[in-house]
């Protein structure tokens with residue numbers, strides 16, 4: 001059973017226009033769909049929380065250890081819990097400090113919570129999210 005979220009649900013490549021930094025994606029670009037932790041099926045966020053950061057709601061980054069992550073950006077992810085103190089070191093988003101974001105139920109690493117003066121968002125690892133809830 002494939003636990004990964006089909007990329008079509010997260011990434012609609014049919015639209016050329018991108019919203020301004022931090023702007024919510026419209027309903028046409030991201031239909032309302034609940035997203036869950038692929039490990040335990042705990043509710044994490046909704047598709048309508050997707051936002052564009054640095055011109056896109058989708059990014060692929062490599063950390064200093066060579067691990068590659070495909071992430072999607074979300075304004076809110078109430079199903080996540082933060083771990084550790086925020087740090088600006090090796091940030092993928094200039095002006096934002098990050099800390100690990102884990103599933104609030106099972107503790108699996110789901111991505112990063114980014115904070116800046118008065119602003120914040122989540123960069124969540126695409127293949128650690130699922131559109132399927134617990135059955």
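Data overview
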read-out: Residues within the range 91-108 that are closer than 18 Å to residue 36 by Cβ and touching a strand residue (DSSP E or B) at 6+ places or on another chain (Cβ under 6 Å), tallied; value: 4
read-out: Residue match in the range 7-18 (condition: surrounded by 13 or more Cβ atoms within 10 Å (Cβ to Cβ), at pLDDT below 95 and farther than 24 Å from residue 132 by Cβ); value: yes
read-out: Per-region count, the range 38-71, residues touching a residue at least 60 places away in the same chain (Cβ under 8 Å) and under 11 Å from residue 110 (Cα atoms); value: 3
read-out: Which numbered condition residue 41 fails, given (1) crowded, with 20+ Cβ neighbours inside 10 Å; (2) in a loop (DSSP other than H, G, I, E, B); (3) on the phi > 0 side of the Ramachandran plot; value: (1)
read-out: Residues located in the range 84-99, provided they are over 18 Å from residue 53 (Cα atoms) and surrounded by 13 or more Cβ atoms within 10 Å (Cβ to Cβ); value: 86
read-out: So residue 110, is it modelled with pLDDT under 95 and buried (at least 18 other Cβ atoms within 10 Å of the Cβ); value: no
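The values are calculated or read from the model by the stated rules, or taken from the named source; none is laboratory data. These numbers were taken from a predicted model, which means no experiment stands behind them. Virtual Cβ from ideal backbone geometry, glycine too; neighbours counted across all protein chains shown.
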